[in-house]
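The values are calculated or read from the model by the stated rules, or taken from the named source; none is laboratory data. Since the structure is predicted, the reported quantities are computational estimates derived from the model, not experimental observations. Every residue, glycine as well, gets a Cβ built from its backbone with ideal geometry; the counts of neighbours run over all protein chains shown. Accessible surface areas use protein heavy atoms only, side chains included; no ligands, DNA or RNA. Shrake-Rupley method; radii C 1.70, N 1.55, O 1.52, S 1.80 Å.
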Amino acid sequence: MNGKQYVEKVLEEVKKRNNGEVEFLDAVTEVMESLVPVFDKNPKFIESGILERITEPERQIFFRVPWVDDNGDVKVNRGFRIQFNSAIGPYKGGLRFHPTVNQSIVKFLGFEQIFKNSLTGLPIGGGKGGSDFDPKGKSDNEIMRFCQSFMAELYKHIGSDIDVPAGDIGVGGREIGYLYGYYKKISGQNTPGVLTGKGLTFGGSLIRTEATGYGLVYFTEEMLKANGTSFSGKDVVISGSGNVAIYAHEKATELGAKVIAMSDSSGYIVDLNGINLDVIKDLKEVKRARIKEYVNIVKDSKFVEGHRGIWEVKCDIALPCATQGEINKDSAEILVKNGVVAVSEGANMPSSLEAIKVFQSAGVLFGPAKAANAGGVACSALEMSQNSMRLSWTREEVDEKLKDIMVNIYKNSSDAAKEYEMEGNILAGANIAGFLKVAEAMHAQGIV
Ligand code: NDP
Ligand code: 2IT
């Protein structure tokens with residue numbers, strides 16, 4: 001069986017077994033299509049059934065999360081943790097609290113995480129979790145009670161050498177604090193390495209908050225440099241206005257770019273003078289307000305309802321940092337028509353498979369999520385190292401390590417693309433480089 005036949009055969013089985021899980025199947029298809037030449041060159045991976053095994057989670061945990069709201073009403077949400085692959089280290093990946101969370105979403109995120117974590121060069125396996133709980137409009141006490149109920153089940157399955165969750169959409173420093181406090185109480189263990197993204201007073205790492213956004217910009221700058229350009233003087237559009245978007249704005253601005261549009265799920269703002277990040281931080285990090293309030297504070301800015309329209313704002317660089325599926329084929333065509341030079345993904349799977357094809361055939365530089373947004377989990381792994389050593393590195397030390405990791409991810413992805421005769425295709429290169437390390441580890445460990 002050659003590489004193409006093997007990939008087609010396994011893809012067929014995966015589609016049958018995971019029927020209807022659109023996001024998961026998209027993520028698997030994207031990775032597997034890049035791997036055909038890898039199997040032609042390494043038939044041993046076919047013999048040891050790497051694809052059949054890597055596409056099936058090692059363990060999936062679904063659980064009830066009951067909690068009581070401020071009115072005394074009982075609410076029930078569903079909790080998920082997918083322990084996808086432990087070949088190169090403990091399961092590692094975030095928790096997402098958002099009403100859209102379901103089995104397919106958690107599985108696509110966990111699957112992506114396997115390759116992303118491998119690309120960081122650090123010893124972390126792939127996992128992901130979350131709940132269909134909606135944190136919007138909830139009081140701090142409701143958030144705390146929910147986090148405690150969620151952890152009351154999750155704690156049985158995690159540990160600093162087993163599975164190490166962190167944040168994602170709807171889970172930030174506040175939630176990680178509540179989750180950690182309750183873990184400690186019911187497990188009786190003070191092992192900070194069980195969660196990352198912790199507060200700085202109880203084992204958190206400097207730069208973890210900034211890491212995904214900063215890392216995205218470090219990676220993208222490297223991609224731009226390799227193509228004779230840079231962020232300097234560029235107009236940038238960033239979707240979202242959460243953790244990733246805010247720190248992508250901060251670093252892109254530091255490198256001389258101007259961020260002219262940002263969004264939340266209600267709509268987007270445009271400020272051609274450059275969006276004032278202090279205002280955004282105050283609205284989003286402190287007040288947990290909606291982005292449309294920006295226009296009441298900063299004159300000459302505008303708000304447009306609906307989040308998809310943001311891609312109609314003419315820009316040189318687009319950084320999707322909100323959620324999956326936010327750039328479809330039509331949006332991609334508009335970006336290309338308006339002369340976009342680079343699209344680099346802060347969110348996980350923000351571009352549809354069709355949108356990616358539009359960028360690639362137009363020669364747009366494309367930074368795929370699993371490479372471009374790996375800075376967050378990389379810094380989480382640095383947090384785990386500091387926790388193990390019971391030491392903390394300075395801001396400068398962590399930032400330097402983060403930058404090196406992102407530069408290496410670009411280099412390894414670019415080199416792998418070249419080696420497999422797809423020069424310039426960073427998507428294929430990232431899939432191949434991420435896969436090879438995990439596949440070697442799985443092969444060496446036998447059929448488990
Ligand atoms: P946050 O919860 O901090 O922010 C999410 C942002 O995206 C908000 O502005 C939110 O708007 C917007 N958003 C969420 N869902 C939708 C939707 N369905 N339509 C439009 N806008 C939406 O999350 P993060 O910044 O942490 O995560 C953003 C993306 O980055 C996700 O894809 C995540 O998986 C990915 N990521 C995060 C990492 C991390 O370390 N945090 C690491 C790597 C990737 P609203 O407030 O209106 O919901
Ligand atoms: O998608 C991601 O990489 C994250 N949400 C970060 C995971 C982590 O463990 O820091």
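Numerical summary
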| item | result |
| --- | --- |
| Residues that are buried (at least 21 other Cβ atoms within 10 Å of the Cβ), more than 12 Å from ligand 1 (Cβ to nearest atom) and within 22 Å of Asn276 (Cα to Cα), drawn from region 222-242 | Phe231, Val236, Val237 |
| Any hit, region 420-441, residues being on the phi > 0 side of the Ramachandran plot and in contact (Cβ under 8 Å) with a residue 40 or more places away in the chain | yes |
| Options Pro43, Pro123; residue that is surrounded by fewer than 22 Cβ atoms within 10 Å (Cβ to Cβ), on the phi < 0 side of the Ramachandran plot and within 14 Å of ligand 2 (Cβ to nearest atom) | Pro123 |
| Residue count for region 304-330, restricted to those that are within 13 Å of ligand 1 (Cβ to nearest atom) and farther than 22 Å from Phe231 by Cα | 10 |
| Hits in region 25-70 - residues which are under 17 Å from Phe108 (Cβ atoms) and either at pLDDT below 95 or assigned to a helix (DSSP H, G or I) (or both) | Leu25, Asp26, Ala27, Val28, Thr29, Glu30, Val31, Met32, Glu33, Ser34, Leu51, Ile54 |
| Spans of helices (runs of 4 or more DSSP H) in region 97-202 with at least 3 residues of a type in the set (D, E, K, R) and within 14 Å of ligand 1 (Cβ to nearest atom) | 103-119 |
| Options Glu345, Glu312, Glu354, Glu333: the member that is within 16 Å of ligand 2 (Cβ to nearest atom), touching a residue at least 12 places away in the same chain (Cβ under 8 Å) and of a type in the set (D, E, K, R) | Glu345 |
| Some residue of region 203-211 being touching a strand residue (DSSP E or B) at 6+ places or on another chain (Cβ under 9 Å), charged (D, E, K, R) and within 16 Å of ligand 2 (Cβ to nearest atom) | yes |
| Looking only at region 263-296, and only at residues there that are without any contact (Cβ under 8 Å) to a residue 24 or more places away in the chain and in contact with a Leu (Cβ under 8 Å, 6 or more places away or on another chain), the one that is surrounded by the fewest Cβ atoms within 10 Å (Cβ to Cβ) | Ala289 |
| Flag for Asn431 being of a type in the set (S, T, N, Q), surrounded by 16 or more Cβ atoms within 10 Å (Cβ to Cβ), modelled with pLDDT of 95 or more and within 16 Å of ligand 1 (Cβ to nearest atom) | no |
| 1 or more residues over 29 Å from Thr191 (Cβ atoms): qualifying helices (runs of 4 or more DSSP H) within region 368-444 | 369-372, 395-419, 426-444 |
| Ala416 open to solvent by less than 70 Å² (accessible area, probe 1.4 Å), more than 27 Å from Gly242 (Cα to Cα) and touching a Gly at 6+ places or on another chain (Cβ under 6 Å) | yes |
| Only listed residue being more than 28 Å from Ala289 (Cβ to Cβ) and within 16 Å of ligand 2 (Cβ to nearest atom), chosen from Phe97, Phe111 | Phe111 |
| Selection status of Ile310, closer than 14 Å to Ile269 by Cα, of a type in the set (A, V, I, L, M) and open to solvent by less than 20 Å² (accessible area, probe 1.4 Å) | yes |
| Ala332 within 18 Å of the chain's Cα centre (by Cα) and of a type outside the set (Lys, Arg) | no |
| Glu383 being modelled with pLDDT of 95 or more and more than 13 Å from ligand 2 (Cβ to nearest atom) | no |
| Residue, surrounded by the fewest Cβ atoms within 10 Å (Cβ to Cβ), within region 297-307, restricted to residues that are over 22 Å from Val171 (Cα atoms) and touching a strand residue (DSSP E or B) at 6+ places or on another chain (Cβ under 9 Å) | Glu305 |
| Where a residue in region 188-208 is within 20 Å of Asp168 (Cβ to Cβ) and its partner, wherever it lies, is more than 16 Å from ligand 2 (Cβ to nearest atom) and acidic (Asp, Glu), with Cβ under 6 Å and at least six apart | Ile207/Asp399 |
| Matching residues, region 45-78, being aromatic (Phe, Trp, Tyr) and more than 30 Å from Glu13 (Cα to Cα) | Trp67 |
| Pick from region 61-103, criterion open to solvent by 10 Å² or more (accessible area, probe 1.4 Å) and of a type in the set (S, T, N, Q), ranking: nearest to Leu436 (Cα to Cα) | Ser86 |
